[in-house]
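A short worksheet on the structure shown next.
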Amino acid sequence: MMRYRAHAKVNIFLKITGKRGDYHTITSRFMRVNNLFDTLWLEPKSTPEFEIRGNFDCDIASNTIYKAYKYLLSYTRSHALSTLMEEYAVCVDKQIPSFAGLGGGSSDAATFLRMCNEKLDLGLETEVLAEIGVNIGADVPFFLYDYESANVSGIGEIVEHFNEPLIDFEVITPPLKISTPAVYHYYRDHLYAPITPKEIHALEAMPSREVLTSMLPKEANDLYPAALGCYNELTEKEGWFFSGSGSSFFKIKEQ
């Protein structure tokens, strides 16, 4: 059975641009982490219930892969899809830490959607898969477009390819599970200061390597100070940047 890679991502920068109802709008540069990925494949099973095999720390109803299945089935009404999931289990070799700001759950969901679309010849364009994916998580559209680097805005649904060389990263993840909603709430209550359209334009045009050599980690990611305020056990790591709402840190790998 064919195996699919679900890569991690880091946020080179992540800036809040405003509010949309209960959500914050952002501008962010997502970049793939080439050497960190989960692997997904299908294996035959004997019972018809939806089954995920892998090292997950959530129940199946909360799993992004299961959510992806339910949204895809609702959209397509595909008998072939429901039959496939009755006959096969979704297997995941989980290498991306959870609750770590690396997009592991979103990447798994996107990879599952792409896998089903290809295997069953559903014929869904990437834009349609992204519309389905944003219901599962704000980061899912980025992974569906399969870009190495992209500017991501809105609440995650606007993904624009950014043409630049992929960077090799070192990534470390402290043993701390961070709640993204808690970090955003802290930011909104204590630190809310959205950037201007002029600042947005300048950042979105700046190559990632330049961002990482010209900005301080707390300048590059608005959620970093919020996470530090939210979690006393989180400590700064000099020279390391902060991905998403954390808890992972990254830097350019020294050659």
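The values are calculated or read from the model by the stated rules, or taken from the named source; none is laboratory data. On a predicted model such as this, the values are computed, not experimentally measured, just so you know. Here the Cβ positions follow ideal geometry from the backbone for every residue, glycine too, while neighbour counts run over all protein chains shown.
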For this session: Could you please give the count of residues in the range 218-240 that are surrounded by fewer than 20 Cβ atoms within 10 Å (Cβ to Cβ) and not in a loop (DSSP other than H, G, I, E, B)?
Result: 5
Exercise. Inside the range 3-117, counting only strands (runs of 3 or more DSSP E) that do not spill past its ends, which hold 3 or more residues that are closer than 17 Å to Asp139 by Cβ?
Worked result: 4-20, 23-44
For this session: Look at Leu72 and say whether it is among the hydrophobic types (A, V, I, L, M, F, W, C), surrounded by 12 or more Cβ atoms within 10 Å (Cβ to Cβ), modelled with pLDDT of 95 or more and farther than 27 Å from Lys177 by Cα.
Result: yes
Exercise. Is there a residue being without any contact (Cβ under 8 Å) to a residue 24 or more places away in the chain and either under 30 Å from Val128 (Cα atoms) or of a type in the set (A, V, I, L, M) (or both) anywhere in the range 167-175?
Worked result: no
For this session: Would you check which residues across the range 141-158 are without any contact (Cβ under 8 Å) to a residue 40 or more places away in the chain and in a helix (DSSP H, G or I) and list them?
Result: Pro141, Leu144, Tyr145
Exercise. Identify, please: which residue in the range 4-45 is at pLDDT 95 or above and over 20 Å from the mean Cα position of the chain (by Cα) and is, among those, nearest to Phe112 (Cα to Cα)?
Worked result: Leu42
Seminar exercise, completed: Across (1) surrounded by fewer than 16 Cβ atoms within 10 Å (Cβ to Cβ); (2) in a helix (DSSP H, G or I); (3) in contact (Cβ under 8 Å) with a residue 24 or more places away in the chain; (4) not aliphatic (A, V, I, L, M), Pro181 clears everything bar (3)
